[in-house]
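Enquirer: Sending over a structure as structure tokens; questions will come in a sec.
The values are calculated or read from the model by the stated rules, or taken from the named source; none is laboratory data. Computed from a predicted model, the values in this text were never measured in an experiment. Each accessible area value is taken on the protein alone, full model and side chains, heavy atoms only, with ligands, DNA and RNA left out. Shrake-Rupley method; radii C 1.70, N 1.55, O 1.52, S 1.80 Å.
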Amino acid sequence: MADLDFVHEYIPAPSDTAGRTLVLLHGTGGNERDLLPLGRFLDPSAALLGVRGKVLEGGMPRFFRRLAEGVFDEEDLLFRTDELVDFLRAASATYGFATDTLIAVGYSNGANIAASILLRHTDVFAGALLFRPMVPFEPEQAAAKRATPVLLSAGEADPIVPAQSTKRLGELLEARGANVDIQWHRGGHGLMEPELQLAKLWLDQKISR
Ligand code: MLT
């Protein structure tokens, strides 16, 4: 367990059938348990891995440091991105799930670290559902291409994430081979029930078990 250096909660799949593992990444101020109900809703048969961000902002857990709202400490972001990838690989060895079954489910700050992993390590996630994500960093280097299905679930009136940033993230992911769907919802930064239903449908249709 020495390498499992993120606070986390792992819930094995309810049955023995090999299936997906959802990696659940919370928003600012959340913890490893926040998205467990969402994960179970999205896929009742998946294993769930909730992870807590290591960075504290005024006592609130995050996955990387920021200088101001929407202004990220890029050096810390890249370090934390690689650190989380190392953790996911170690967790795969410890809990026995294959890394090629990992699906990211992230909200807000958690969506942003998942996007950073997708941009920097195209081999880690087999798919991703990102709620209220923005561009975490503008990549300079080319990465290997992979046709990863990615859902970007965005709020038309989100005061934190400009629409342009969601669209730009879609372009950056597509440049890395991802198959990106953007769903726009009438709402702000908070999650809404109808979009979760649509996300569940999207997962069922786009990513095989
Ligand atoms: C971030 O800092 O990742 C974004 O501004 C979203 C947030 O956590 O508020």
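Enquirer: In whole Å and largest first, what semi-axes does the C-alpha gyration tensor of region 8-206 yield when each eigenvalue is scaled by 5 and square-rooted?
Expert: That gives 22, 19, 18 Å for the three semi-axes.
Enquirer: If you don't mind, another one. Mean residue ellipticity at 222 nm from the helices of the chain, using -39,500 (n - 2.57) per DSSP H segment of n ≥ 4 over the full residue count, to the nearest 500 deg cm²/dmol?
Expert: Counting only the DSSP helices, I get -10500 deg cm²/dmol.
Enquirer: Let me ask something additional. Do you know the relative contact order of region 24-130, to the nearest whole percent, from alpha carbon pairs under 8 angstrom that are 6+ apart?
Expert: 28 percent
Enquirer: Per residue of region 134-148, what does 6.51 cos²θ - 1.76 cosθ + 1.60 with θ = phi - 60° give for ³J(HN,Hα)? Whole Hz please, x for Gly and Pro, Karplus curve as stated.
Expert: Once θ is set to phi - 60°, the couplings for region 134-148 become 9, 5, x, 7, 8, x, 9, 9, 6, 10, 4, 8, 8, 7, 6 Hz.
Enquirer: Report the residue, chosen from Ala115, Ala157, Ala91, that carries the largest GNM mean-square fluctuation when the chain is represented by alpha-carbon nodes joined by springs under 10 Å.
Expert: In the Gaussian network model the winner is Ala157.
Enquirer: On the accessible surface of region 69-201, probed at 1.4 Å, how many percent belong to carbon and sulfur atoms?
Expert: Using a 1.4 Å probe with all protein chains present, region 69-201 comes out at 50 percent carbon and sulfur.
Enquirer: Straight-line reach from Lys200: which aspartates and glutamates have a Cα under 15 Å away, not including same-chain ones fewer than 8 places off?
Expert: Asp43, Asp181
Enquirer: Please state the relative contact order of the chain as a whole percent: Cα pairs under 8 Å, 6+ residues apart?
Expert: Once divided by the residue count of the chain, the mean separation gives 17 percent.
Enquirer: Continuing with this model, one more query. Counting DSSP beta bridges with both partners in region 8-206, what percentage is antiparallel, nearest 5?
Expert: In region 8-206, DSSP labels about 25 percent of beta bridges as antiparallel.
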